[in-house]
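For reference, the structure is listed below as structure tokens.
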Amino acid sequence: MQPRPFTSTDLSEIQVRPVEPHEEQRYKAQMAQHHYLGDLTKIGETIWYIATWKDQWVAQLNLSAAALKCGVRDRWIGWDFTSQYGRLKLIANNSRFLILPDWHHPNVGSRILALMQHRVVQDWQHRFGHPLLLLETFVDPQRFYGGVYRASNWTELGLTKGYRRTHAGYSTETNTPKRVFVYPLCRNPQARLTQTDRAQLQLTGKANIMLTAEQMRLLPDLFNDIPDPRSRSGRRHRLSTVLAIAAAATLCGMKGYKAIAGWARDLGDKARQRFNCRLVDGRYVVPSESIIRNVLIRIDPNALDRVLQQWNDDNVAPKDQCIAVDGKTMCNAIDANGRQTHIMSAVGHTSAVCYTQKK
């Protein structure tokens, strides 16, 4: 489009902005056509950006969820495996950066990155309601050196181990290790990402956790002594498996039957095996949303509460010096006489754990 090299004036006229809804099909088509990794579906918190020059599209960028595991990044931050899960949303991954054909001029890439870095904090806060503290990206050393990121003051941390996500979890063989680059969006992001006060990070609610492989393996055994309310002829999945998956999904932040079932479907084969899922035609099958709902509605709540409380005490709950007693009216919970249900609870001050409750 521009046979002559860009001048400093041309560079100053480049603008970066989020993609408008009516532009998304064009964005996806060009990414699929021109990027060597192809198009990438929006998953979770994602912003698509385009760079323009005099209304002409110059480049496309995709910022999406941070990598679940990255050893060199996690060591650089200094957080542990269990605490990072609820804070990964404070990091975004530059998962695609495409300079469109005919726009490969000197300094164009670094100019676009600088413009994106300047505005992404405000865009992220406005769209998702929480801050963004760090950007990361992975560069294939067999294809690129990462010069555009180096020119934009990104820091190279090292190489990944080369494993990649698959439909069954992580690959068993290493692929090409990727260079890991990060760009801080605040002062001392390591200190902010590891601080104990979640309120300063605008993280609301209780902290979610990431279950270890050992916790997944042991969780079903906790429910072995709970009576199964289902008839024998209708049991396709073990009661302990259904309850373990529901408990694990809730611990990882899922709310509602649909979210729990979706979390279960996303489990890889190794995780499904740890939960003792049924093996059908060589693959482990997870319970459906209707099965999960049916079990949770019919299970003895007191027996389930005792088991979950014991697991919480053994694994994640801090010790409480003070207990608060409080009552509340349950919305839309009406008994046979038309009266609303009232619940009295004993809650730990430090852990926010409900030790017991009484109707």
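Coordinate-derived values only; no laboratory data. Because the structure is a prediction, the values reported are computed rather than measured. Neighbour counts are summed over all protein chains in view; Cβ atoms, including those assigned to glycine, are modelled from backbone coordinates with ideal geometry.
Points to keep in mind about this one:
- Cross-link partners for LYS28 among the lysines, with Cα-Cα distance under 30 Å and sequence neighbours closer than 8 places in the same chain left out: LYS42, LYS54, LYS69, LYS89, LYS161, LYS178, LYS258.
- Highest mean packing comes first when the peptides 100-113, 117-130 are listed by Cβ atoms within 10 Å, giving 100-113, 117-130.
- ARG235-ARG75 pseudo-label distance in nm [points 7 Å out on the Cα-to-Cβ vector]: 4.8 nm
- Look at the dipole of the chain built from charges on Cβ: of SER64, GLY162, SER345, the Cα furthest out on the positive end belongs to SER345.
- Straight-line reach from LYS358: taking Cα to Cα under 19 Å and skipping same-chain neighbours fewer than 8 places apart, the lysines in range are LYS328.
- Förster radius 30 Å - calculated FRET efficiency between HIS126 and THR356, Cβ distance, rounded to 0.05: 0.10
- Summed residue charge, Cβ within 13 Å of GLU289's Cβ, Lys/Arg positive, Asp/Glu negative: +3
- Once the chain from THR7 to ASP221 is taken as fully extended at 0.36 nm per residue, the excess over their C-alpha distance is 70.3 nm.
- The reciprocal of the average 1/r between distinct C-alpha atoms defines the Kirkwood hydrodynamic radius, which for region 224-345 equals 16.6 Å.
- Computed from the C-beta positions of LEU308 and THR41, the FRET efficiency with R₀ = 41 Å rounds to 0.75.
- The angle between the Cα long axis of helix 24-34 and the main principal axis of the chain comes to about 70°, on a 0 to 90 degree scale.
- Each of ASN337 and ILE297 was given a label point 7 Å from its Cα along the Cα-to-Cβ line. The distance between the two points is 2.6 nm.
- Counting only DSSP beta bridges with both residues in the chain, the antiparallel share comes to about 95 percent.
- ASN107 versus LEU159: modelled label distance in nm, points set 7 Å from Cα along the beta carbon direction: 3.4 nm
- Amide H contacts for LEU211 (H built 1.01 Å from N in the peptide plane; partners 5 or more residues away or on another chain; cut-off under 5 Å): none found.
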